[in-house]
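The values are calculated or read from the model by the stated rules, or taken from the named source; none is laboratory data. Quantities reported herein were computed from a predicted structural model and do not represent experimental measurements. Cβ: placed from backbone, ideal geometry, glycine included. Neighbour counts: every protein chain shown. Note: areas computed on protein heavy atoms with side chains; ligands, DNA, RNA excluded. Shrake-Rupley method; radii C 1.70, N 1.55, O 1.52, S 1.80 Å.
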Amino acid sequence: MDRQRRRELRALNSRAWNGEKDLFPVSKSLDSTLKKNTAFIKRLRTTISAATQSTFLQEIRTVSLSKYLSEIISACYEGLCKLKSPGDIEAGVEIVSALHQRFGPADFTEHLGWLLGKGMATPDKSFLKTLTPEAREKEEKDRLVRQRVLLRVVTELWLVDVLRTLDDIARPDDATRPTTGARAEPKPRSSSGKGGGAEPFPLEVLKDLLNHDRDHANLPLLVIFVKAFSWDILGIKAAGQDGRKTVEEDGATKGAEETEGDGSEEKDEGAGTDQDGPFAPPELQERFKNILKRYFEDVKGHLVRDQKAIYNQSRKNAEAYVKSGEVFEDRQSNFEKQVKAQERLVANAQVIADIIGAEMPDLKDTDEGNAANGTIGLVKAGEYLRGQGEGPGIWEDEEERRFYENLVDLKGKVPGILLEEVKKKKADDEQVGRKIDPVEAAEAAKAAEAAAADDQSIAIANKTIGAQVDALLVRLPELISKDAIDQMAIDFCFLNSKASRNRLIKALTDVPKGRTDLLPNWARLVATLGQYMPDIPKGLVDYLDNEFRSLQRRKEKEFLGQVRLSNIRYLAELTKFGIVPEHVVFHCLKVSLDDFSRMNIEIICNLLENCGRYLLRNPETSPRMASFLETLQRKKSVQHIGQAERMLIENAVYYVDPPQRPAIEVKERTPMELFIRKLIYGDLTKRNYSKILRHIRRLHWEEKEVVAILHKVFSKPGKVKYGNIHLLAILLSALYKYHGEFVVGVIDQVTESICLGLESNDFKFNQRRIAEVRYLGELYNYRMLEHPVIFDTMYKIMTFGHGGPPVPGRVNPFDLPDDFFRIRLISTILETCGMFFNKGAAGKKLDFFLSFFQYYIYTKNPLPMDVEFLVQDIFALTRPQWKLASNLEEASKVFQLAMVQDQKTSGVERVVEPEDNDSDVSDDEDGMVPDEDEDDESDDDDGGEAEDNEQQDNTSRYNSESEEEEIVVTRQQEEVDPEEEAEFEREFAKMMAESLDSRKFERKQQFDLPLPIKLKPRESTAVGESSAANEAGPSEAPPSGEKMAFSLLTKKGNRQQTRTVELPSDSHFAIAMKKKQQAEKEEQQRIKNLVLNYDLRENDDYEGNEKLNAHHHNRSDLRLNKERGGQRVRKLQLSDVDW
């Protein structure tokens, strides 16, 4: 809404709050009929738009609506919920303001405010819990769509002082509130939140939305709020409001109103924006900003948490892919959903950060702690393969090493006396056979008596300890984390006894069926307790060893396969903790290798896959393991085994000892390249970009290596932080004055990269492609490009692979119907620089492009919600009054109308446009191309000359295009002979002139319906363009009064009628018709003369031939000659006529 109009409404609405009457003029006699009132309510509920605004205001003036206020209030609320475009919202604000001024706050505004507040309230969580997940998701989606509109409506109404605070609203059906007559004066405390009063309505709404939003589902609503009201409420100018900028030598930027040589209109607009300050006072601005900052801090934590979860999930997927060769579809789809949700969250958070001036969190794939400890990665893996790694060593990664080596020290967690029972018995055993001193014997007897008393008390207490041990053992199947394992080990130490340990060993040997995932955790528990209770690991290993021998004796029992695999997996996990002795595990391998059956092959492969790498990389067992692998390979090649078993062995051996491969090379960079990359990729910020510019200008530009590095860095905006892309454009713009060829090369590389992205269409490059189109738009903002480049790029994005405009139903492999990424690319460009295409040639091109863009959208599948919101935001940003089409048919009609309008005006513009570009280039001081806003004037002045002298114009067009090419895209050109160049230009100009002359009188396809003849007794009629194709021309004698009559064909019902339309004879249409009819008559006469002359020659030739050879011809020959003659006549019509 226009800011001046907003202030006018604000003043009128404030007077209405103060109790003034007759602010909105109404007619003296009001229409109180039921039909008028119900029609008004119905339209208010369904059709609030910019087109119907004047109708509503007129009816508010003339219709008596006071009896139906309750229905009007509910209908107004429903109509406001259905608004879509910014133009509709402005119309809604005007209508609500009119109703507020006519009926006052007590009867209308307070009740409407209550409904709006109810619509903006967060849903009840208890109600949401009762819904199914699908219904809950649908309810949440509907709420976001509704509140997306209502938030803008509420804020606009607050800005025009229709809404004030929550204290100024009342429930519509509240019977306890005073009547209208009793309320004589307004509330004195309603002062828009000033002076300690109640909070403003939008502030309360934001508090309610954001304070309880732990999942940050309302972040898109906040993005809409800050984009629309960053200046009016927050006092912060959003990007693009200052106009296109010019970069100075030191990197400083100046807006359009500060740049010399720009149009006076831009100056006036910029000055008006500066003088018109925000609506909210400074203290209220701070309160809004504080809410945004607190919410943004919570969003940053959410971003970091989700990034860690995505990284962990990606690692798990990679491990699953290594182990099984595939990633399950449900896991992969969940991972993709997480990535898309994270991308949307990052994009929305970036908008908030730009507005409030906060820094985005550093979202790395790994946290700093893991990076410092050497987590798995390409570089660490390469170091390990070269034998230079310092991290995991014999383990796969640092996490696995910590699991198997970093065991909790029980002595520091529990009292030492609970761990000394076993050691005490060992000490007693060591004293057997030693000579006993009598004094020591007496002391030992006293100690034995005390111990016996203690044993008796423990035996009494053990009745309850047994139940505690049972409760502890029940928790064994729930041990799924390292912390839970360590806690259970500590808890068991407080119940330590011989019986408790025996019961623990028995419980550890009873593995639940199908729960092999518990074996590593139980092995860690055994290893932790085995530091001070060695009988637990010894008893467990003995049990597993005996079970293995027993299973080997029962080879014929096929149903014991699962037990065998569980047994060998248990032994493998205990081996990695160093609990199983070396001879036991190699005994299992040897026994299985000796009896090389299918069952034993599976045992060998399971043992190798679970602890084979540990045995091979451990220096103590590496020689024996290497020897065993060689024996296994020889036996596999010698003995006849099945293909499945052979594959099992090959996979296991490959997993344990993969073949040698070259080390992953770390790319070596020169110090200069590292310095430049650090400047651009690491240090570049808003505060220091001018300092970085000075560093870049001081580099040795005469060295080709330095220029090549800079070209590579400036051509890859995807490696810069997304929020710093505009800074990269500023640096490039500042370098243009000194290194023009370099800048042009970078721009060429970026456009070529965009085209390459369209050809490859690879999902993994999507972020880079988004950055490239954003970079291109920023270069336009800083006057390095002109709008033809932007529009050419956008058209190429939408039409690449289609061979023209997209057609519904025709599949393009580069742009599938369910692929919406090209829409994101176009939206990114328009969001970056689309707000500057508002007038002149660029404005017309954008109008045509948006109609094509709308048609392109409907050739796709139905848009997802995020893409649909993105499209709505783009149209609201570039063309707020644009009415979006609802289906493909409407979009096609809008596109066809735009094409027809473009064809009417394209003839002159295409001829004059190169000269305009040339003049624009010469007018610019810095050699850069300015706006196209001044092109319209030159188009009107030069249109006539282009039609009078076409050959000269074509030559000048070619020259102007070559000059523009030299200025904008300077390249190292090859030397060309001047004479050959001149000869080429002459031939080209001649060819263009012949082409234009040959097509000058071509007929266009015209309306081909025959005109019904209706005699007019008054005057002779002349038919228009629609009947010219049917040989019905205008009357030769024009009507009196210098008028020319035309017949207009109309259709009423099923009947066709003709009407006479009189136009001035000197009008453009009449003159054009006269010229056209005269040309057609001359053409017909010329063809007629040619045909008659040819017939005379044919008759003379035929008579001579008949006298000489009359007896050689018959009637069939004559007929044949006539037919041939007719064919030649038709050939003459095409070839001999001078068109």
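Results, tabulated for the structure shown:
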item: By accessible area with a 1.4 Å probe, ligands and nucleic acids excluded, highest first: order of Arg102, Arg344, Arg824, Arg501; result: Arg344, Arg824, Arg102, Arg501
item: Dipole moment magnitude, nearest 20 debye, the range 554-610 about Cα centre, only Lys, Arg, Asp, Glu C-beta charged; result: 120
item: Solvent exposure, largest accessible area first (probe 1.4 Å, DNA, RNA and ligands not counted), of Lys845, Lys538; result: Lys538, Lys845
item: Loop GluC sites (Glu not before Pro), the range 627-665 (other Cβ atoms within 10 Å of the site Cβ: 14 or fewer; DSSP); result: Glu665
item: With DNA, RNA and ligands ignored, accessible area of Trp882 (1.4 Å probe; Å², nearest 10); result: 50
item: Size of electric dipole in the range 3-81: Cβ of Lys, Arg +1 and of Asp, Glu -1, about Cα centre, debye, nearest 20; result: 220
item: More than 26 Å apart - percent of Cα-Cα pairs taken over the range 577-694; result: 45
item: Carbon plus sulfur fraction of accessible area for the range 1-131, probe 1.4 Å, in percent; result: 53
item: Cross-link pairs beyond the 29 Å C-alpha cut-off, checked among Lys21/Lys67; Lys207/Lys227; Lys138/Lys796; Lys411/Lys576; Lys227/Lys845; Lys678/Lys737; result: Lys138/Lys796
item: Under-5 Å amide H pairs with Thr1060, H placed in peptide plane, nonlocal only; result: Leu1048
item: Calculated SAXS-style log₁₀ I(q)/I(0) at q = 0.18 Å⁻¹ - the range 621-758, Debye, Cα scatterers; result: -1.06
item: Accessible area (Å², per residue) of the range 1-140, counting only protein heavy atoms and a probe of 1.4 Å; result: 51
item: Coil-residue trypsin sites (Lys or Arg not before Pro) of the range 692-753, DSSP, other Cβ within 10 Å capped at 15; result: Arg698, Lys737
item: Restraint check, Lys300/Lys667; Lys28/Lys82; Lys300/Lys686; Lys289/Lys839, Cα-Cα greater than 28 Å; result: Lys300/Lys667; Lys28/Lys82; Lys289/Lys839
item: Which of Phe494, Met533, Leu479, positive extreme of dipole for the range 464-535 (C-beta unit charges); result: Met533
item: DSSP-assigned coil residues among GluC sites (Glu not before Pro) in the range 688-720, each with at most 10 further Cβ atoms within 10 Å; result: Glu702
item: With every protein chain in place, the range 716-775: carbon and sulfur % of accessible area (1.4 Å); result: 51
item: Glu987 accessible area, 1.4 Å probe, all protein chains in place, Å² to nearest 10; result: 100
item: Accessible area (Å², 1.4 Å probe, nearest 10) - Ser64; result: 30
item: Residue-normalised accessible area of the range 788-868, given per residue in Å² at a 1.4 Å probe; result: 38
item: Where His583, His100, His700 fall by accessible area, highest first, once all protein chains stay in place (1.4 Å); result: His583, His700, His100
